[in-house]
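Chemist: Just passing along the structure, written as structure tokens.
The values are calculated or read from the model by the stated rules, or taken from the named source; none is laboratory data. Just so it is clear, the structure is predicted and the values come from calculations on it, not from any experiment. No Cβ is skipped: glycine too gets one built from the backbone with ideal geometry, and neighbour counts run over all protein chains shown. The accessibility values were calculated without ligands, DNA or RNA, using every heavy atom of the protein model including side chains. Shrake-Rupley method; radii C 1.70, N 1.55, O 1.52, S 1.80 Å.
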Amino acid sequence: MLWVSTLFTSACWASGPHEFTAQIDLRLTAADSSLSSFRSGGLGLLRYDASQNGAHIGPLLLDYSGPVTDTLRASVTAFATGDADKNPIDLTEAILEWRPVPVSLLRWRARLGAFYPPVSMENRGIGWQSLYTLSSSAINTWIGEEVRAIGAELNLTATGAGSGRSFDIGGVVGVYGWNDPMGVLIQKRGWAIHDRQTALFGRLPDINGIPGADGSYELFREIDHRIGYYGGLEFTYLDRVVARALHYDNRGDPAIHDSQEYAWLSRFNAYGVRIELPGAWTLIAQRLDGDTSVGVSADGRGNHILAYWSDFLLVSKAFGRHRLSARYEQFHTTTERGATRFDSHQDGEALTLAYRMDLSDHWQMTVEGLRVNSTLRHRLRIGELPNAVESSLQLVARYSLTL
Amino acid sequence: MRSVAFTTSLVAVLLLAAPLVPAAELRASLTDRDLVPVSDTVLILSPVGESRSATIPRAASPPVVMDQVNMQFEPAVLVIPQGAKVTFPNSDSVAHQVYSFSPAKRFALGLYRGVRHAPVDFEQPGLVVLGCNIHDFMIGYIVVADSPYFGKTNGAGEVQITDLPAGTYTVKAWGPRFKDKEARVLQKITLRGDDKLTLNVKLEGSLLPVRGVAGKMKGLRY
């Protein structure tokens, strides 16, 4: 009787409005790099370094999304990264979303919780994963590592389809806290390219270039009790073009610190466009430029200022169940103030090639090759040459089940 | 009202062999101004004058299906007679919330998967634009015809409408690539007995590009 009732319950669940998704990866990784991964405190830019070559089980993703009322929707995403983070499984997003059913050409949306600001054009999948490659671009890797809006967002869009127009125009505003240490990773290690998102209560080892050294960061903390904001615009043309611009400012007070970390003042502008072309071609381009600063200074800007930018172009083509994607990117950081104490100047470029195939409704296979050529002056401090070419090949069998 | 010019060439062929119940037939083909076939476009023949009263729109008895497959409405364009009912099954593994705020029909179906909602009545003629409140890129269209005589062009831009009683009709067209929400009146035709009419319509003016180029995206959420 028990199995009958279990079967019945799961059948009802699977056809109801509550979606529960579990996803697990089986990975084979082969990295060629003399540097340790930032995950173990090194100054390498890959998630899995050469010491981890071989098979991995995980990461594991658990995701729930479902209605609370007719217009309120809750979603929660958790990852088990399997790399000895503070918690074996931890949240990356938790959102209560207000989605009133549109009754006119104006469409309102609001989000409350912990979520990504609308920057990425490629991380469109469940769990904010890229649909095109395994590793996100440097820009979106960094967003996944250091940026999370823990607060509220309001979005208003004038839609076109109901009026015979071919385009939508929308604006978004977000206010948030708990993002004060943002900037510490890009300052110490620079840009990186991978698919690991920092969990809301997760901890990253101190990036001092010495694997296993003490010290760690918790990135989503409130230190200066100042509210940050972002504001952006989005333009959509049919289902062919999406273009966005967003200004982000965490309004950190770089002079304030607590027992663990300073508040960093981090600001950036992000631009992105995604174009869908006949023949299942997709083009994505993004650019992000900004700066981050920390420490006490007479002008309030901090005694250490780092400016950074990155851009990329991704080309993808689907052939039925198959998808081929290629991405080229450049990234750069410059220490504009305080270089005598700490100079993390970084220059680099990367090429990513990925092949994806949907084997069935539940299984997807990805092969990704990644080559990152970067210079990071800070590597001199640990006796490494500043320049390093890191490459990796990953084969991933991904199983996902949505109930 | 935007000016829309159109050119039609009309070829009427009278057949000598009369069927048991005389009924006329219209074959039409639609192209854009560059003579490229225009698919998924609805053609409606509305009786005018005396013939109108003889043809009260008849509702289809079983509900018509507007499915949701791979995060797209299937079909993308559905044409139904006034008074018909439509079901909105969701064949995707993710939930959808279908709605419309078009004047011809305002409705919303709470978040669901599978078949959860009763069929929806479409009493008013006109264009109903469908959306999904979870997946904003999902757009579908239901054209509620004020006449039982209609059809939709296939991939070759062709449509055939049969069993037409003798009479005079206004020929109207609407498709998702039109920039107007209102149907374009193409012309009037008069049919007798078992006329077989062929209509070649070249839609002047520019049309919007086709939606749905991105195709299926497994695991898409945003």
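Chemist: Testing the spin-label approximation: label points 7 Å from Cα along Cα→Cβ at A:M365 and A:H225. State their distance in nm.
Modeler: Reported label-point gap for A:M365 and A:H225 is 5.7 nm.
Chemist: Next question, about the same structure. Using 0.36 nm per residue of separation minus the Cα-Cα distance, give me the extension gain between A:R203 and A:A243 in nm, one decimal.
Modeler: Residue separation times 0.36 nm, minus the Cα-Cα distance, leaves 11.0 nm.
Chemist: Let me ask another. Under the rule a/c < 1.5 gives rounded, and otherwise a/b versus b/c splits prolate from oblate, where does region A:36-402 land using the Cα gyration tensor?
Modeler: On the way: a/c = 1.55, a/b = 1.20, b/c = 1.29.
Verdict is oblate for region A:36-402.
Chemist: How long are the semi-axes of the equivalent ellipsoid of the protein assembly as shown, taking √(5λ) for every eigenvalue λ of the Cα gyration tensor, in whole Å from largest down?
Modeler: Numbers: eigenvalues 611, 118, 105 Å².
After scaling each eigenvalue by five and taking roots: 55, 24, 23 Å.
Chemist: Determine the residues within region B:124-140 where the difference in accessible area between the chain on its own and the full set of protein chains amounts to at least 30 Å²; count protein heavy atoms only and use a 1.4 Å probe.
Modeler: Residues losing area: B:V129, B:N133, B:I134, B:D136.
Chemist: Could you do me a favour and compute the accessible area per residue for chain A, 1.4 Å probe, result in Å²?
Modeler: Details: 15800 Å² over 403 residues.
Value returned for chain A: 39 Å² of accessible area per residue.
Chemist: Note down the relative contact order for chain A as a percent, whole number, built from C-alpha pairs under 8 angstrom at least six residues apart.
Modeler: On the way: 1144 pairs, mean separation 61.4, N = 403.
Relative contact order here is 15 percent.
Chemist: Full-extension gain between A:D83 and A:V273, please, as 0.36 nm times their residue separation minus the C-alpha to C-alpha distance.
Modeler: Details: separation 190, 0.36 × 190 = 68.40 nm, distance 3.36 nm.
My answer for the length gained is 65.0 nm.
Chemist: Kindly state, to the nearest 0.05, the FRET efficiency for A:D70 paired with B:V65, given R0 = 30 Å and r defined as their beta-carbon distance.
Modeler: On the way: r = 24 Å, r/R0 = 0.81.
Plugging the Cβ-Cβ distance into 1/(1 + (r/R0)^6) gives 0.80.
Chemist: Tell me, what is the FRET efficiency for B:T87 and A:L403 to the nearest 0.05, using R0 = 22 angstrom and their Cβ-Cβ distance as r? Each step should come with its number before you reach the end.
Modeler: On the way: r = 24 Å, r/R0 = 1.09.
Taking R0 as 22 Å, the efficiency between B:T87 and A:L403 is 0.40.
Chemist: Okay, next question. Of all accessible surface on the protein assembly as shown at a 1.4 Å probe, what whole percent is carbon and sulfur?
Modeler: On the way: 15690 of 25860 Å².
Carbon plus sulfur share of accessible area: 61 percent.
Chemist: Give the B-A buried accessible area in Å², both sides summed, 1.4 Å probe, nearest 100. Let's see the in-between values first.
Modeler: On the way: alone 11970 and 17530 Å², together 25860 Å².
Counting both chains, the buried surface is close to 3600 Å².
Chemist: Enter the accessible area per residue of region B:64-145 (Å², integer; probe 1.4 Å; all protein chains in place). Working shown, then result.
Modeler: Working: 2690 Å² over 82 residues.
Here the per-residue accessible area is 33 Å².
Chemist: Stretched out fully, how many nm does the piece from A:H322 to A:A158 gain, at 0.36 nm a residue minus the Cα gap?
Modeler: Numbers: separation 164, 0.36 × 164 = 59.04 nm, distance 3.49 nm.
Extra length from A:H322 to A:A158 when fully extended: 55.6 nm.
Chemist: I'd like the distance separating the alpha-carbon centroids of region A:338-353 and region B:83-125, in whole Å.
Modeler: Here the answer is 53 Å between Cα centres.
Chemist: Report the Cα centroid-to-centroid distance between region A:360-384 and region A:39-116 in angstrom, as an integer.
Modeler: A separation of 21 Å, based on Cα centres.
Chemist: So, one more: Taking a cut-off of 16 Å between Cα atoms, list the aspartates and glutamates near B:K105, but don't count ones fewer than 8 places away on the same chain.
Modeler: Those aspartates and glutamates meeting the cut-off are B:D121, B:E123, B:D146, B:E182.
Chemist: A drop of at least 50 square angstrom in accessible area, chain alone versus all protein chains together, probe 1.4 Å. Which residues of region A:85-106 meet that?
Modeler: A:R99, A:V101, A:P102
Chemist: Let me ask something else about it. Hey, with R₀ at 56 Å, roughly what FRET efficiency would A:N303 and B:K181 work out to, going by the Cβ-Cβ distance, to 0.05?
Modeler: Numbers: r = 60 Å, r/R0 = 1.07.
It comes out at approximately 0.40.
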